[in-house]
Amino acid sequence: MSYQPSARWLNAVLACAMLLTSYAEAAEKLAHVTILATGGTIAGSGASSTTTVGYTAATVGVNSLIAAVPELAKVAEVKGEQVFQIASENMSNEHWLKLAKRVNTLLAQPDVDGIVITHGTDTLEETAYFLDLTVKSKKPVVLVGAMRPGTALSADGPINLYNAVLLAASQEAVGKGVLVAMNDQIHAARDVTKTNTSTPDSFKTPELGMLGYIQGNKPYFYHVSSRKNTADTEFDISQLDTLPQVDIVYGYANVNPVALNALVAAGAKGIIHAGVGDGSLAASVKTGLVAARKQGVLIVRSSRVGQGIVARNGEANDDELDFVASDTLNPQKARILLMLALTRTSDSKQIQRMFYTY
Ligand code: DGL
């Protein structure tokens, strides 16, 4: 006697097949996001749940970070790569070049729709800006970190990672430049900065303003960055293995010019002066900067103040001294732009144009 399946059984099988098809179709519709892990507190661990300082950064691997947030599977098809495993105070030019090349390789692939980079918060703003100037794609690139290790009460890493992947998977983030997703907020790489040593709301874009929020599983943009970025920049790091040495000297009352002179003697190709006020130069340091310029070192006047425009020909006669004014870039970001500018030209007028363009 042959087996005659009941109509009810056949309907059940058909329903399961349709459900699996719909899941497969839904999965097919999810964006493909690659998470590149570099270390930091988001990958950190502490001795107890109340250890929010004095923990160890860069101990948890990318697959563990992904496994700790199963909700990621609802917003993207996620893959992970462990590019580095470092505390970000140890980030170097070589790390940046390797990371930017990997990002560009992945984004050139049709099966990669966006990238999330997990990173220590100490230099996150710098890596973000470096990538903002060197990524050659309009696809989303989102940097994310955490102010508390994953072992801590109310750790911010998991929700920050979820938001970052959701943002990188979104159409809204396409063409917006490199973004930073922290504390439910969306910031532009050029203008965001770490403003607090330890609190979860540390990342801010004072005065110039953040771009938007991530709320209820959706990104909301209210602004866009006005400066050129990513595929629209003139910088190409694809053939570079090193970057020109550019250092920062800090301005303060009674400043000692020894540090400046030592950096120039050590071969700096550019100096960022983090001046007091509107990029003011103490007489003793001005003498050293003028001498350095005469040796061919490119000089950029920035400010330790953190907000506002360092005006060309304001606190110093840049035309006469052949210095460059940093516009609104803080010293650590001015250093990044000057390093990349020096891979293209040593012409101070061209470099000043770049500081008004990016
Ligand atoms: N060592 C710091 C870093 O890796 C920890 C800070 C953090 O990631 O929040 O940037």
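The values are calculated or read from the model by the stated rules, or taken from the named source; none is laboratory data. Everything numeric here is computed off the predicted structure, so don't read it as measured data. No Cβ is skipped: glycine too gets one built from the backbone with ideal geometry, and neighbour counts run over all protein chains shown.
A few comments on the model shown:
- Just one of the listed residues (Tyr220, Tyr252) is closer than 30 Å to Ser64 by Cα, free of Cβ contacts under 8 Å to residues at least 60 places away in the same chain and hydroxyl-bearing (Ser, Thr, Tyr), namely Tyr220.
- Residue in the stretch 221-228 that is under 23 Å from Ile309 (Cβ atoms), surrounded by fewer than 17 Cβ atoms within 10 Å (Cβ to Cβ) and among the aliphatic types (A, V, I, L, M) present: yes
- Count of the stretch 88-126 residues which are in contact (Cβ under 8 Å) with a residue 60 or more places away in the chain, within 11 Å of the ligand (Cβ to nearest atom) and assigned to a helix (DSSP H, G or I): 3
- Selection count, the stretch 301-348, where residues are farther than 22 Å from Pro244 by Cα and either buried (at least 21 other Cβ atoms within 10 Å of the Cβ) or at pLDDT below 95 (or both): 4
- Screening Phe130, Phe84 for residues that are of a type in the set (Phe, Trp, Tyr) and within 23 Å of Tyr358 (Cα to Cα) leaves exactly one candidate, Phe130.
- Some residue of the stretch 190-204 being aliphatic (A, V, I, L, M) and touching a His at 6+ places or on another chain (Cβ under 7 Å): no
- Exactly one residue out of Val165, Val142 is closer than 22 Å to His95 by Cα and either part of a loop (DSSP other than H, G, I, E, B) or β-branched (Val, Ile, Thr) (or both), and it is Val142.
- Those residues of the stretch 61-94 which are farther than 23 Å from Asn163 by Cα and surrounded by 19 or more Cβ atoms within 10 Å (Cβ to Cβ), in sequence order: Met91
- Scoring Ala292 on the criteria (1) assigned to a helix (DSSP H, G or I); (2) surrounded by fewer than 17 Cβ atoms within 10 Å (Cβ to Cβ) leaves a single failure, condition (2).
- Among residues of the stretch 70-87 that are under 23 Å from Gly120 (Cβ atoms), those with a Cβ under 8 angstrom from a residue that is of a type in the set (D, E, K, R) and within 16 Å of the ligand (Cβ to nearest atom), sequence gap 6+ or separate chain, pair up as Ala87/Asp122.
- Against the criterion of being at pLDDT 95 or above, among the charged types (D, E, K, R), within 16 Å of the ligand (Cβ to nearest atom) and surrounded by fewer than 17 Cβ atoms within 10 Å (Cβ to Cβ), Asp201 qualifies.
- Failed criterion for Gly212 (all others in (1) in contact with a strand residue (DSSP E or B) (Cβ under 6 Å, 6 or more places away or on another chain); (2) in contact (Cβ under 8 Å) with a residue 40 or more places away in the chain hold): (2)
- Within the stretch 220-238, the presence of at least one residue that is modelled with pLDDT of 95 or more and assigned to a strand (DSSP E or B) is confirmed.
- Test: residue in the stretch 187-195 that is within 16 Å of the ligand (Cβ to nearest atom), free of Cβ contacts under 8 Å to residues at least 12 places away in the same chain and in contact with a strand residue (DSSP E or B) (Cβ under 9 Å, 6 or more places away or on another chain): yes
- Flag if Pro5 is closer than 30 Å to Asp232 by Cβ and either at pLDDT below 95 or away from the ligand (no atom under 16 Å from the Cβ) (or both): no
- Counted residues, the stretch 110-154 - those being of a type in the set (A, V, I, L, M) and at pLDDT below 95: 2
- Qualifying residue in the stretch 204-215 (condition: among the charged types (D, E, K, R) and on the phi > 0 side of the Ramachandran plot): yes
- Hey, Gly145 within 11 Å of the ligand (Cβ to nearest atom) and within 20 Å of Ile214 (Cβ to Cβ) or not: yes
- Residue tally, condition within 12 Å of the ligand (Cβ to nearest atom), over 15 Å from His119 (Cβ atoms) and either part of a loop (DSSP other than H, G, I, E, B) or among the aliphatic types (A, V, I, L, M) (or both), over the stretch 41-58: 5
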